[in-house]
1. Out of the residues in segment 116-132 that are of a type outside the set (A, V, I, L, M) and under 19 Å from Ala102 (Cβ atoms), which is farthest from the chain's Cα centre (by Cα)?
2. Using the structure shown, decide if Asn176 is surrounded by 18 or more Cβ atoms within 10 Å (Cβ to Cβ), within 25 Å of Phe144 (Cα to Cα) and touching a residue at least 12 places away in the same chain (Cβ under 8 Å).
3. Is there a residue in segment 214-237 that is over 22 Å from Ala121 (Cβ atoms), loosely packed, with under 15 Cβ neighbours inside 10 Å, out of contact with any Phe, Trp or Tyr (no Cβ under 8 Å at 6 or more places or on another chain) and of a type outside the set (A, V, I, L, M, F, W, C)?
4. Name the residue, out of Phe3, Phe90, that is at pLDDT below 85, buried (at least 18 other Cβ atoms within 10 Å of the Cβ) and within 30 Å of Thr210 (Cα to Cα).
5. For segment 150-248, which helices (runs of 4 or more DSSP H) that fit wholly inside it have 2 or more residues that are over 30 Å from Val24 (Cβ atoms), modelled with pLDDT under 90 and assigned by TED's automatic domain parsing to the domain that holds Leu133?
6. From the set of residues in segment 55-67 that are surrounded by 13 or more Cβ atoms within 10 Å (Cβ to Cβ) and not hydrophobic (A, V, I, L, M, F, W, C), which is nearest to Gly14 (Cα to Cα)?
7. Go over the candidates Ala102, Ala108 one by one and state the one that is part of a helix (DSSP H, G or I) and either outside the structural domain of Ile229 (by TED's automatic domain parsing) or on the phi < 0 side of the Ramachandran plot (or both).
8. Looking at Arg199, Arg128, which is the one that is within 19 Å of Leu237 (Cα to Cα), out of contact with any Lys or Arg (no Cβ under 6 Å at 6 or more places or on another chain) and of a type in the set (D, E, K, R)?
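The values are calculated or read from the model by the stated rules, or taken from the named source; none is laboratory data. Small disclaimer: the values here were computed from a predicted structure and weren't measured. Counting neighbours? That spans all protein chains shown, and the Cβs are built from the backbone with ideal geometry, glycine included.
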Amino acid sequence: MAFFGYKDIDKLSGVDLAIYRFIVEHDEQIPYMRVRELARGAHVSNSSVMRFIHKIGYDSFPEFKVSLRSETPIQKTDAPGIQFVQPSAFPADITKIIRLAAQLMVNADNIVFVGIGASAALGEYASRQTSSLGFNSYVVKDPFYPLLPQLRNTSNNVLVAVSVSGQTTELVEMLNDFVNNPEVNIVSITSNIESTIARMSRYALTYRATEERIHQYYDLTSQVPCLYIIEALLRELRHQEVIQHRFE
């Protein structure tokens with residue numbers, strides 16, 4: 001039984017939800033609390049707390065606390081402050097790969113950024129900036145969007161996949177439709193050079209980032225290195241566009 005994996009939240013009563021939310025918001029303190037302290041914090045009775053504990057599958061409050069502690073690893077964090085990205089966060093040839101990717105994009109008829117979650121937000125930003133440079137660009141944030149039929153009668157397309165892990169199943173399945181398509185080139189921005197998405201790409205723009213999660217499911221991994229790559233790609237795209245127009 002895992003507290004943060006509990007799937008029947010919609011079946012909880014109002015009192016149960018109050019207890020659930022208090023535990024989620026104070027998960028690091030709960031293992032050191034007594035039943036009455038939790039009840040006081042959630043503004044419920046002691047008996048309500050115990051009914052909730054039994055409802056989610058635990059025989060006793062101590063058993064619940066032991067389980068919760070195993071789900072909430074202690075994380076040491078540095079003092080708050082601005083953390084700048086160091087050159088060591090990127091491979092030595094990142095500038096060359098960005099230049100090659102930009103060469104594909106500057107001649108493309110369509111530039112499509114694809115991603116899910118926070119990666120989709122970065123893809124949306126990149127697409128907006130790319131469009132501002134005068135390119136036909138848009139973002140796909142829904143992995144089930146019918147992109148294949150939309151690009152069926154087009155040519156010279158570039159798909160830019162944004163994914164921290166490079167292993168997102170839905171994104172892999174979407175890109176798999178284009179791997180052997182001569183009219184589509186795949187470029188990826190990911191922290192995992194060995195990932196499936198990186199291997200599917202003609203050019204993989206990679207960086208190093210430490211994955212950070214809370215409550216096991218919520219991803220707090222920094223997107224700053226990814227944003228650095230996007231900004232560098234946009235600058236190179238603009239530079240190549242200027243050069244191309246100069247010689248026309």
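1. Per the criteria, the residue is Ser132.
2. Against the criterion (surrounded by 18 or more Cβ atoms within 10 Å (Cβ to Cβ), within 25 Å of Phe144 (Cα to Cα) and touching a residue at least 12 places away in the same chain (Cβ under 8 Å)), Asn176 does not qualify.
3. No; the residues of segment 214-237 include none that is over 22 Å from Ala121 (Cβ atoms), loosely packed, with under 15 Cβ neighbours inside 10 Å, out of contact with any Phe, Trp or Tyr (no Cβ under 8 Å at 6 or more places or on another chain) and of a type outside the set (A, V, I, L, M, F, W, C).
4. That would be Phe3, the only listed residue that is at pLDDT below 85, buried (at least 18 other Cβ atoms within 10 Å of the Cβ) and within 30 Å of Thr210 (Cα to Cα).
5. It comes to 224-246.
6. Lys55
7. Going through Ala102, Ala108 in turn, the sole match is Ala102.
8. Arg128
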